[in-house]
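Worksheet: the structure to be examined is printed underneath.
The values are calculated or read from the model by the stated rules, or taken from the named source; none is laboratory data. Values in this document were obtained by computation on a predicted structure and should not be read as measured data. Cβ: placed from backbone, ideal geometry, glycine included. Neighbour counts: every protein chain shown. Heavy atoms of the whole protein, side chains included, go into the accessibility calculation; ligands, DNA and RNA do not. Shrake-Rupley method; radii C 1.70, N 1.55, O 1.52, S 1.80 Å.
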Amino acid sequence: EPEVTQTPSHQVTQMGQEVILRCVPISNHLYFYWYRQILGQKVEFLVSFYNNEISEKSEIFDDQFSVERPDGSNFTLKIRSTKLEDSAMYFCASSRDRTGQPQHFGDGTRLSIL
Amino acid sequence: GENVEQHPSTLSVQEGDSAVIKCTYSDSASNYFPWYKQELGKRPQLIIDIRSNVGEKKDQRIAVTLNKTAKHFSLHITETQPEDSAVYFCAANSDTDKLIFGTGTRLQVFP
């Protein structure tokens with residue numbers, strides 16, 4: 001069964017540094033998402049992406065965040081200047097269609113900001 | 001605003017008993033309700049979902065019910081096994097199809 005893959009599995013970065021989290025969505029999926037989960041808390045929506053542009057972003061997704069689909073397979077989340085509170089698990093998800101379609105999650109990247 | 005409430009936060013059952021987790025959503029536009037199982041340190045794994053044109057859906061030991069009028073939906077696990085132990089999240093889609101998650105239920109099944 002095809003899966004969403006994410007790299008790296010764990011990223012440790014100094015506060016203020018830039019990080020790029022990478023995702024390869026399922027190949028025939030058209031809708032892509034980033035979510036984050038602070039340890040012990042619920043999963044929170046960050047951003048959705050379709051047709052090479054952001055469809056929606058949450059309040060968390062401020063100017064320090066950006067997403068990109070640099071080629072036909074990768075989908076990246078960049079945090080320009082990391083803060084301590086950015087420490088969390090970041091999940092990429094993809095779905096084949098938009099309305100009422102299952103979103104399949106990757107294994108996540110654990111981001112630790114020191 | 002968009003919100004999904006989930007209860008209970010923790011649930012302990014004996015192996016073989018049933019477990020029920022309940023969620024309430026606020027967005028009338030929601031029409032898709034997935035349930036995810038998350039084991040420690042792992043990704044949320046979709047275990048069952050239901051759409052608003054259906055009142056109940058069953059897959060082996062797992063069933064989900066939906067009451068659109070009351071904006072309630074529930075997960076039922078029968079004949080629980082120790083490997084069912086995990087955190088379970090309900091979710092509802094918004095009109096823009098992002099998923100809004102509940103706060104999770106930690107299910108422990110004791111042998």
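Heavy atoms of chains A and B lose about 1800 Å² of accessible surface on contact, summed over both sides with a 1.4 Å probe.
Interface burial in segment A:13-49 reaches 30 Å² or more for A:35, A:37, A:42, A:43, A:45, comparing the full protein assembly with the chain by itself; accessible area from heavy atoms with a 1.4 Å probe. Residue B:22 sits with roughly 120 Å² accessible to a 1.4 Å probe, with DNA, RNA and ligands left out of the calculation. If you take the beta carbon distance between residue B:83 and residue A:3 as r and set R0 to 30 Å, what does 1/(1 + (r/R0)^6) give as a FRET efficiency, to the nearest 0.05? So, using R0 = 30 Å, E works out to roughly 0.90. The apolar share of the surface of the protein assembly as shown, taken as the fraction of accessible area on carbon and sulfur atoms (1.4 Å probe, ligands and nucleic acids excluded), comes to 45 percent. Spin-label model, residue A:71 to residue A:22: label points 7 Å out along the Cα-to-beta-carbon direction sit 0.9 nm apart. Annotation: extensible slack from residue B:14 through residue B:27 equals 1.2 nm (criterion: 0.36 nm per residue apart, minus Cα-Cα distance). Each residue of segment B:75-84 was assigned a 3J(HN,Hα) from its phi angle through the Karplus expression (A = 6.51, B = -1.76, C = 1.60, θ = phi - 60°), giving 10, 10, 10, 9, 6, 4, 10, x, 6, 7 Hz with x at Gly and Pro.
Excluding ligands, DNA and RNA, the accessible surface per residue across the protein assembly as shown is 50 Å² with a 1.4 Å probe.
In the context of the full protein assembly, residue A:63 retains an accessible surface of approximately 130 Å², using a probe radius of 1.4 Å and ignoring ligands and nucleic acids.
In this rough spin-label picture, where each label sits 7 Å from Cα along the Cβ direction, the residue A:51-residue A:15 distance is 4.2 nm. Over all pairs of different C-alpha atoms, chain A has a mean inverse distance whose reciprocal, the Kirkwood radius, equals 14.0 Å.
Among the listed pairs A:42/B:58; A:83/B:98; A:57/A:78; A:42/B:22; A:57/B:98, those with a Cα-Cα distance over 21 Å are A:42/B:58; A:83/B:98. The simple spin-label model puts a point 7 Å past each Cα toward its Cβ; for residue A:112 and residue B:56 those points are separated by 4.8 nm.
Within the assembled protein chains, the solvent-accessible surface assigned to residue A:53 is about 110 Å², based on a 1.4 Å probe. Straightening the chain between residue A:80 and residue A:97 buys 3.1 nm, computed as 0.36 nm per residue apart minus the Cα-Cα spacing. Rg ratio for the protein assembly as shown: its Cα radius of gyration over 2.2 N^0.38 Å, N being its residue count, equals 1.02.
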